[in-house]
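Engineer: Once you've had a glance at the structure underneath, I'll fire off some questions.
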Amino acid sequence: MSDQQYSSLRQNVSMLGRILGDTMSNAAGPEFLDKIEQIRTLSKSARAGDGDDEARLKTLLLSLDRDELLPVARAFSQFLNLANIADQHHNISREMDKEYSATETLSGVFELLRSDGRSPEEIGAAISDLRIELVLTAHPTEITRRTLIHKHGEIDACLGQMELAGLTEREEYVIQQRLRELIAQIWHTHDFRDERPTPIDEAKWGFAVVENSLWDAIPEFLRRLNNTLVDVTGKALPEEAMPLTFASWLGGDRDGNPNVTAVVTEEVLLLGRWQAAALYLKDLETLVEELSMTASNDALRAMSDNTREPYRGVLRKLRDRLRLTLRALTEQINEQKAPRDDIILREEELWQPAYACYQSLLDCGMANIANGKLLDLLRRIKCFGVNLVRLDIRQDSDRHTEALSELTQFLGLGDYQQWDEQQKQAFLLEELASKRPLIPTDWQPGDQVREVLATCAVVARQPPGALGCYTISMARQASDVLAVELLLKASGLRTPLPVVPLFETLDDLNRSAVVVDQLLSIPQYLDHLQGRMMVMIGYSDSSKDAGMLAASWAQYTAQEALVKRCSQSDIKLTLFHGRGGTIGRGGAPAHAALLSQPPGSLANGLRVTEQGEMIRTKLGLKAMAIKTLALYTSAILQANLKEPPTPKQAWRDVMDNLSASSCDYYRAYVRDNEDFVSYFREATPEQELAKLPLGSRPARRKGGGGIASLRAIPWIFAWTQNRLMLPAWLGAGQAFRDLMTAGETATLKEMSSDWPFFATRLSMLEMVFAKADSGLSAYYDQKLVSQQYREIGERLRAQLASDIDVILDLLGETELLQHQSWPRESIQLRNIYTDPLNFLQAELLERNRRQQDDTIDQAIMVTIAGIAAGMRNTG
């Protein structure tokens with residue numbers, strides 16, 4: 001990509017920065033703006049290597065009055081937010097459309113497949129078989145308030161309007177004034193929610209993403225996919241084809257979150273149906289207005305009771321039923337009225353009348369009309385159904401064990417929790433085959449068990465298609481899966497629902513194929529699967545447990561083993577990837593990540609989480625969502641029709657060695673050093689992160705202050721703040737160095753050149769190292785860390801420097817991101833604005849830990865948000 005392609009981005013960043021400056025000057029006076037500019041200038045000079053100016057910058061920040069702390073932090077934080085808006089807009093701008101649009105992405109992969117010898121029929125068949133499901137999750141990494149997200153979207157719209165050619169001076173003036181209005185609104189708006197969102201709030205936020213972006217993105221994306229498919233194969237995408245669907249954990253994920261109850265889950269399900277009905281009603285109002293044609297086929301005329309305008313006649317009936325459905329759902333939600341059976345409950349009730357209109361228009365020679373808004377409606381029905389998104393349920397395996405333990409003790413059978421695996425399986429299989437009720441009517445379980453059973457009862461009451469799956473966190477044995485199957489059966493579930501083991505830690509990943517083999521060796525369970533199985537691969541906890549490199553290899557080999565074992569039993573396996581946004585939680589550019597998966601692992605589709613701020617970044621704007629969907633589609637087509645290479649045995653041996661040694665190095669710090677937890681808590685804002693009103697879920701799974709109880713998100717978030725970025729690299733570089741010393745450099749470079757899995761790991765490490773900053777980490781230690789723990793930080797920073805040299809050697813580069821000029825420049829630009837926030841945060845943390853102060857608390861939260869914006873991710 002040429003440097004010139006970024007000229008408009010630079011201009012937009014500069015323009016938004018000037019407007020922010022004017023806004024601050026108007027609000028706080030020109031003297032305040034002068035001080036901000038002085039800080040910025042010193043930061044720029046310090047980044048260029050001027051040690052004296054760095055000292056002046058620190059002195060200036062330390063001398064800020066108490067009343068200046070918050071506005072100074074907000075100034076730099078808001079600039080970074082505006083830079084992100086401009087950057088995101090650039091990715092979907094007209095300037096980039098010719099080479100990097102969704103259409104070009106799809107055309108490119110189709111041409112690649114054609115040049116690889118794939119026939120149009122093979123490409124068409126692969127698209128017909130596509131199954132991609134993106135799962136929106138409630139992980140608390142979305143740091144931006146919904147009202148600010150709206151304003152950011154409006155700024156993006158203004159930037160889009162400014163791209164139009166031929167704007168008059170008056171039109172340009174109106175856009176500029178709107179930008180000034182929006183940036184002023186942002187400056188005068190509180191940065192954070194007053195309270196944590198409830199699970200209901202989180203679910204509504206997810207529904208808003210569908211309403212504001214995905215509802216329009218899906219039909220537009222499918223139109224582009226269809227057009228590209230016609231160009232390549234001569235055949236259109238069938239109207240009923242739906243390669244993409246959406247699911248959600250919002251209101252269904254109760255793992256470690258006591259706020260997600262059975263009552264909450266049931267309300268979220270009703271709210272999803274209400275939102276879907278409201279969106280369909282809006283579409284129907286438009287279609288009733290527009291489809292005034294009189295010519296129709298006999299089938300539609302009969303459906304319309306022979307009205308003069310048959311399309312309106314049929315669609316008015318559907319509109320009236322949607323209105324009734326909305327009223328009934330409103331009464332259920334607000335007044336707890338009993339559900340009605342005369343409302344729309346099934347997708348077919350929407351599809352059948354809409355498709356009859358579509359077919360009639362085609363039969364009467366009105367294809368242009370049929371393939372407009374009516375086809376868009378049909379696409380939405382297939383994608384969103386009557387539930388908007390399918391809700392997943394997730395719960396920790398220990399909660400199910402606890403429920404069965406209480407039950408077996410009540411029944412006088414002993415304590416289920418104390419039984420060995422063979423005893424558990426024997427009991428579970430016997431009860432699954434039994435026709436008598438499992439749960440006695442006179443049993444009074446404890447509160448936690450009662451909640452588990454109430455959740456299962458909610459699951460059992462749902463109509464087909466409302467739920468995606470039931471995921472079991474920390475699944476370790478076959479009995480963990482059978483236990484959920486039994487609890488659901490006992491609750492009255494009659495509609496098959498995938499029960500999905502989630503393998504999270506290094507040991508669990510390594511044993512995952514053994515557990516699945518145990519399940520598939522049970523004839524009763526094999527029949528129950530009906531030829532399909534889903535298994536979830538955990539990225540966050542495995543990385544926290546063993547380090548990024550060991551976790552990545554365990555995830556890869558687990559997928560290989562699972563695919564092989566399921567194939568032996570003729571089971572179609574869908575792998576569900578629990579990725580986060582950061583590299584320490586499995587994050588990577590979607591296209592590269594998918595192409596680095598094991599051969600055959602995407603053959604039965606892809607299910608993947610989109611978490612926290614990544615939902616907004618990748619799906620929050622219609623144009624960005626279309627681009628994201630195109631990237632997923634093209635990558636899976638390429639992976640399935642042009643499979644990545646199977647790793648050579650020599651490469652496997654190297655990865656086994658790297659995995660073991662990197663895990664040992666990682667755990668030597670994180671697990672074995674008794675002072676490490678104390679260092680972590682002092683050197684990062686981990687303690688202060690808990691005060692951020694980000695999500696409904698607690699930061700820890702259970703009591704205690706150790707790393708094991710801490711969730712992966714705050715673990716990674718905290719290290720991002722002090723710029724050490726430790727979870728994403730610790731252990732990897734030293735493992736590489738050991739192998740290079742042992743004479744394996746040539747093999748490592750061959751792997752980097754010829755194996756996408758390995759090349760992607762190196763690329764991810766390079767990006768992390770480019771964002772890391774030893775100098776800032778040392779400053780945090782100087783300000784915050786007790787003398788007895790500082791040696792840990794010194795050793796980590798020395799390791800970081802050594803690891804960077806190793807990666808540069810492997811990549812054959814003299815500087816990080818040597819061949820990626822704009823990412824390198826972007827990080828350098830952001831550093832000028834994040835450095836003052838880092839220096840200020842370290843100072844504020846020191847003050848606040850000495851004596852609590854609400855104003856300083858607020859300023860710390862703003863610095864956290866600003867640094868997250870500068871790093872382009874949180875957790």
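The values are calculated or read from the model by the stated rules, or taken from the named source; none is laboratory data. This structure is a prediction, so every number in the text was calculated from the model and none was measured. Note: ideal-geometry Cβ built from the backbone for every residue, glycine included; neighbour counts use all protein chains shown. Surface accessibility is based on the protein's heavy atoms, side chains included, excluding ligands, DNA and RNA. Shrake-Rupley method; radii C 1.70, N 1.55, O 1.52, S 1.80 Å.
Engineer: Condition check: closer than 26 Å to E133 by Cβ, open to solvent by 20 Å² or more (accessible area, probe 1.4 Å) and in a loop (DSSP other than H, G, I, E, B). Does A165 satisfy that? Show your work before the answer.
Structural biologist: On the way: closer than 26 Å to E133 by Cβ: no; open to solvent by 20 Å² or more (accessible area, probe 1.4 Å): yes; in a loop (DSSP other than H, G, I, E, B): yes.
Spelling it out, it is not the case that A165 is closer than 26 Å to E133 by Cβ, open to solvent by 20 Å² or more (accessible area, probe 1.4 Å) and in a loop (DSSP other than H, G, I, E, B).
Engineer: Go through (1) more than 21 Å from I19 (Cβ to Cβ); (2) open to solvent by less than 30 Å² (accessible area, probe 1.4 Å) for L182 and report which single condition fails.
Structural biologist: For L182, the failing item is (1).
Engineer: Continuing with this model, one more query. Please count how many residues of the range 224-263 are under 17 Å from T105 (Cα atoms) and either open to solvent by less than 30 Å² (accessible area, probe 1.4 Å) or without any contact (Cβ under 8 Å) to a residue 12 or more places away in the chain (or both). Spell out the reasoning first.
Structural biologist: If we filter the range 224-263 for residues that are under 17 Å from T105 (Cα atoms), which is where we start, we get 224-233, 243-244.
From the residues that got through so far, the ones that are either open to solvent by less than 30 Å² (accessible area, probe 1.4 Å) or without any contact (Cβ under 8 Å) to a residue 12 or more places away in the chain (or both) too are 225-226, 228-230, 232, 243-244.
The total comes to 8.
Engineer: Return the only residue of G580, G584 being under 30 Å from R723 (Cα atoms), at pLDDT below 95 and not in a loop (DSSP other than H, G, I, E, B). Give the derivation first.
Structural biologist: Numbers: G580 fails: not in a loop (DSSP other than H, G, I, E, B).
The unique qualifying residue is G584.
Per-residue answers, yes or no, for (1) open to solvent by 50 Å² or more (accessible area, probe 1.4 Å); (2) farther than 18 Å from F736 by Cα:
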{"site": "G620", "(1), (2)": "no, yes"}
{"site": "E643", "(1), (2)": "yes, yes"}
{"site": "T646", "(1), (2)": "yes, yes"}
{"site": "A650", "(1), (2)": "yes, no"}
{"site": "A660", "(1), (2)": "yes, no"}
{"site": "Y666", "(1), (2)": "no, no"}
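Engineer: Sticking with this one: Condition first: open to solvent by less than 50 Å² (accessible area, probe 1.4 Å) and either outside any helix (DSSP H, G or I) or of a type outside the set (G, A, S) (or both). Now tell me which residues in the range 118-134 satisfy that.
Structural biologist: Listed by number, the residues that qualify are S119, P120, I123, I127, L130, I132, E133, L134.
Engineer: Looking at (1) open to solvent by 30 Å² or more (accessible area, probe 1.4 Å); (2) more than 24 Å from K44 (Cβ to Cβ), which one does D803 not meet, given that it meets all the others?
Structural biologist: All conditions are met except number (1).
Engineer: So if I check each of A466, A490, A478, A457, which one is closer than 17 Å to R532 by Cα and of a type in the set (G, A, S)?
Structural biologist: Details: A466 fails: closer than 17 Å to R532 by Cα; A490 fails: closer than 17 Å to R532 by Cα; A457 fails: closer than 17 Å to R532 by Cα.
Just one listed residue meets the conditions, A478.
Engineer: Can I ask one more? Look through the range 325-346, keep the residues that are surrounded by 17 or more Cβ atoms within 10 Å (Cβ to Cβ), under 32 Å from the mean Cα position of the chain (by Cα) and assigned to a helix (DSSP H, G or I), and return whichever of them is modelled with the lowest pLDDT.
Structural biologist: Only one residue fits best here, namely Q332.
Engineer: Hey, another quick one. Picking from E451, E504, which residue would you name as being crowded, with 16+ Cβ neighbours inside 10 Å, farther than 19 Å from Y416 by Cβ and of a type outside the set (A, V, I, L, M)? Reasoning before the result, please.
Structural biologist: On the way: E451 fails: farther than 19 Å from Y416 by Cβ.
None of the others qualify; the one that does is E504.
Engineer: Take the residues in the range 244-273 that are assigned to a loop (DSSP other than H, G, I, E, B) and under 19 Å from the mean Cα position of the chain (by Cα), then tell me which one is modelled with the lowest pLDDT. Quick ask: steps written out before the conclusion?
Structural biologist: First, pick out the residues of the range 244-273 that are assigned to a loop (DSSP other than H, G, I, E, B): 249-252, 254-261.
Subsequent filtering for residues that are under 19 Å from the mean Cα position of the chain (by Cα) retains 249-252, 254-257.
Working: W249: 95, L250: 94, G251: 95, G252: 96, R254: 94, D255: 90, G256: 84, N257: 90.
Going through the qualifying residues, I end up with G256.
Engineer: Out of the range 59-75, which residues are of a type in the set (D, E, K, R) and surrounded by fewer than 19 Cβ atoms within 10 Å (Cβ to Cβ)?
Structural biologist: Within the range 59-75, the subset of a type in the set (D, E, K, R) is 65-68, 74.
Matches in the range 59-75: D65, R66, D67, E68.
Engineer: Under the condition of being modelled with pLDDT under 95 and among the hydrophobic types (A, V, I, L, M, F, W, C), which residue from the range 159-174 is nearest to G272 (Cα to Cα)?
Structural biologist: Filtering the range 159-174 for residues that are modelled with pLDDT under 95 and among the hydrophobic types (A, V, I, L, M, F, W, C), the one nearest to G272 (Cα to Cα) comes out as L159.
Engineer: Output the number of residues of the range 409-427 satisfying the condition of being in a helix (DSSP H, G or I) and not polar (S, T, N, Q). Steps first, please.
Structural biologist: Our first condition is that a residue be in a helix (DSSP H, G or I); within the range 409-427, this holds for 409-410, 416-418, 421-427.
With the extra rule that they be not polar (S, T, N, Q), the set shrinks to 410, 416, 421, 424, 426-427.
Within the range 409-427, residues that are in a helix (DSSP H, G or I) and not polar (S, T, N, Q) number 6.
Engineer: Also, I was wondering about something else. In the range 347-364, what residues are out of contact with any Gly (no Cβ under 7 Å at 6 or more places or on another chain) and either open to solvent by 30 Å² or more (accessible area, probe 1.4 Å) or among the hydroxyl-bearing types (S, T, Y) (or both)?
Structural biologist: Taking the range 347-364 as the starting set, the residues that turn out to be out of contact with any Gly (no Cβ under 7 Å at 6 or more places or on another chain) are 348-364.
Listed by number, the residues that qualify are E348, E349, Q352, Y355, Y358, Q359, S360, L362, D363, C364.
Engineer: Still on this structure: Of everything in the range 590-612, what is more than 25 Å from L549 (Cβ to Cβ) and open to solvent by 10 Å² or more (accessible area, probe 1.4 Å)? Give them in sequence order.
Structural biologist: A603, N604
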